[in-house]
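The values are calculated or read from the model by the stated rules, or taken from the named source; none is laboratory data. Worth saying up front: this structure is predicted, and the values here are computed from it rather than measured. Note: ideal-geometry Cβ built from the backbone for every residue, glycine included; neighbour counts use all protein chains shown. Accessible surface is based on the protein model in full, side chains and every heavy atom, while ligands, DNA and RNA are left aside. Shrake-Rupley method; radii C 1.70, N 1.55, O 1.52, S 1.80 Å.
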Amino acid sequence: AAASALKAGAMSASAAHYERAIRDWHSVPRAATLAGTTLARLMLAAVPAFQGARLFGQAARLIDGVLKMTRDAGDRAQLLLIAAFLNWQDSGDEARTLAAVPQLMNDAVAALDERVEVANAVSVLSQYSILGITSYGLHNEAAAALAEADRRLSGTEIGAVPRSYALARTVHGALLGDGAAAELVRAGDESIFGRSVRHRGLLVMLRRHL
């Protein structure tokens, strides 16, 4: 029911279904078998519903719960970055949530040891750099993250480079006065910016800067 409501765009209804399922998980025998998933995956699946219902604080708490059940460094880095973005979105307590974002972002990058697959690491570093330079003025840190992404990509065959890398390069270039990047922004190149609401909003912001 939660997944169906989410697919239909009924975010509040979906969030309510997910909330009930998560709350009742431990009281239902063989919950994982009946649900066909793990509690961690269920909680992660619920995040878009809570986010869509603008319940950002609750979505962030779900990510915190998943983090406690996650050991893989690459997965933890991605989760920490999601938590940073959710805290940035949460307007319930800006003094607390906004202050927490840079630490979550730094924790995400710190989690990227050399065992993390290149595509995952590059994606995290690219997303870090975008959030850092557009929302927190962390120009040096964002540039360092992209330099680390370049290092990990150097001499490595990974197939398709994550779209977030091209997006990060374009964002940095446009903000720092690179003409080629500025043209990509003006054109609204969908191969870079896609069609998501978040990335189209980023495109609007960049165009204003130009």
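Within region 51-75, residues that are closer than 12 Å to Ala40 by Cα reach partners that are not aliphatic (A, V, I, L, M) with beta carbons closer than 8 Å, at six or more positions or on different chains, in the pairs Leu62/Phe50; Leu67/Arg76; Thr70/Arg76. Taking Gly159 as the residue in question, decide whether it is more than 19 Å from the chain's Cα centre (by Cα) and at positive phi. Considered against the rule, which asks whether it is more than 19 Å from the chain's Cα centre (by Cα) and at positive phi, Gly159 comes out as yes.
I'd like to check which helices (runs of 4 or more DSSP H) are fully inside region 92-210 and have at least 2 residues that are under 26 Å from Arg61 (Cα atoms) and either open to solvent by less than 30 Å² (accessible area, probe 1.4 Å) or hydrophobic (A, V, I, L, M, F, W, C) (or both).
Numbers: elements: 94-110, 118-135, 139-153, 163-175, 179-187, 190-193, 197-209.
So the answer is 94-110, 118-135, 197-209.
Within region 76-125, the set of residues being hydroxyl-bearing (Ser, Thr, Tyr) and within 15 Å of the chain's Cα centre (by Cα) comprises just one member, Ser123.
Of the residues making up region 48-91, those that are open to solvent by less than 70 Å² (accessible area, probe 1.4 Å) and not in a helix (DSSP H, G or I) number 4.
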